[in-house]
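Peer 1: Before anything else, here's the structure in question.
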């Protein structure tokens, strides 16, 4: 069965992000962190498609960190099983690992930091050069506002970030796409989000910022594009 093609506009944005940030190179080993959300599933599928047609050759594997929250819901199927079924259909290699224990109080921040550290270690063990995450344009703008409003600093996630003296790079191939464009990709691939059983739920700060931005986007057409452009257009001479 032939794989569906991405719309030209979406395909161009992904290619532009990859080119602007030099995300992939011959011989890369790419580990895709798949939480079960549409964004990470779409990332895995796009990387599979690009590997089949790109002028560079790289290895690809998806991984899910299972914190075991689903076990509290009797009769629930594990997210890893549901993810594996979708990625198997797309012929994407996949593995699942048990999440590391967290010392002290569990918060969104501590859980995310713990999961990120585990992914770094997995990438090291597997000899991976790239760790792909599913963040998109909306996530980058939201993170900027979270850091400014709650952290008192001007920063956000970047499409590519080198770590450990360049031995590993984080890549976000969907960085130039809106959330709605990511949903379009998921629809083409027949991807379905996997339920999250996190007992804490979504980061309340991100939810607050997301609601604030939604109102801004309604009141000011084109605001999202302007905000995203501003992240790469910092006039340092006019900053404190």
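Peer 1: Stretched out fully, how many nm does the piece from residue 25 to residue 234 gain, at 0.36 nm a residue minus the Cα gap?
Peer 2: On the way: separation 209, 0.36 × 209 = 75.24 nm, distance 2.90 nm.
Residue separation times 0.36 nm, minus the Cα-Cα distance, leaves 72.3 nm.
Peer 1: In deg cm²/dmol, rounded to 500, what helix-only [θ] at 222 nm does the chain give when every DSSP H run of at least 4 residues adds -39500 (n - 2.57) and the total is split over its residues? Write out the running numbers ahead of the final one.
Peer 2: Numbers: 8 runs with 103 residues, N = 240.
Roughly -13500 deg cm²/dmol at 222 nm, from the helical runs in the chain.
Peer 1: Still on this structure: Grab the Cα-Cα distance for residue 211 and residue 85, subtract it from 0.36 nm times how many residues apart they are, and report the gain in nm with one decimal. Don't skip to the answer; put the middle values down first.
Peer 2: Details: separation 126, 0.36 × 126 = 45.36 nm, distance 3.33 nm.
Here the segment from residue 211 to residue 85 would lengthen by 42.0 nm.
Peer 1: Given contacts defined as C-alpha pairs under 8 Å and at least six residues apart, what's the relative contact order of the chain, whole-number percent? Could the numbers behind the result be given before it?
Peer 2: Working: 326 pairs, mean separation 61.0, N = 240.
Across the chain, relative contact order equals 25 percent.
Peer 1: Continuing with the same structure: Which of rounded, prolate, oblate describes region 45-129, given a ≥ b ≥ c as roots of the alpha-carbon gyration tensor eigenvalues and a/c under 1.5 marking rounded, otherwise prolate only if a/b is larger than b/c?
Peer 2: Values: a/c = 2.92, a/b = 1.47, b/c = 1.99.
Oblate, since a/c reaches 1.5 and b/c is not below a/b.
Peer 1: Could I ask something else about it? Is the C-alpha gyration tensor of region 8-238 telling us rounded, prolate or oblate? Criteria: a/c under 1.5 is rounded; beyond that, a/b larger than b/c is prolate, otherwise oblate. Could you put the intermediate results ahead of the total?
Peer 2: Numbers: a/c = 1.40, a/b = 1.14, b/c = 1.23.
Taking the square roots of the gyration eigenvalues as a ≥ b ≥ c, region 8-238 is rounded.
Peer 1: Oh, and also: Would region 146-240 count as rounded, prolate or oblate if I go by the C-alpha gyration tensor, calling it rounded below 1.5 in a/c and otherwise prolate when a/b exceeds b/c, oblate otherwise?
Peer 2: On the way: a/c = 1.45, a/b = 1.19, b/c = 1.21.
The shape class here is rounded.
Peer 1: Same structure again: Take the alpha carbon atoms of region 82-133, find their center, do the same for region 179-224, and report the distance between the two centers in whole angstrom.
Peer 2: Measuring centre to centre over Cα atoms gives 21 Å.
Peer 1: In nanometres, what is the gap between the two model label sites at residue 12 and residue 148, each 7 Å from Cα along Cα-to-Cβ?
Peer 2: 2.9
Peer 1: Pull out the extension gain between residue 59 and residue 125, defined as 0.36 nm times the separation in residues minus the alpha carbon to alpha carbon distance; nm, one decimal. Mind dumping the intermediate values first?
Peer 2: On the way: separation 66, 0.36 × 66 = 23.76 nm, distance 1.48 nm.
Contour length minus Cα-Cα distance gives 22.3 nm.
Peer 1: Report the antiparallel proportion of the DSSP beta bridges in the chain as a percent, rounded to a multiple of 5. Kindly include the intermediate steps, with their values, before the conclusion.
Peer 2: Details: 4 of 21 bridges.
Taking every DSSP beta bridge with both residues in the chain, the antiparallel ones total about 20 percent.
Each reported figure results from applying straightforward, stated rules to the coordinates on display, with no laboratory input. Just so it is clear, the model here is predicted, and its values are computed rather than measured. Please note: Cβ atoms are built from the backbone with ideal geometry, for glycine as well, and neighbour counts cover all protein chains shown.
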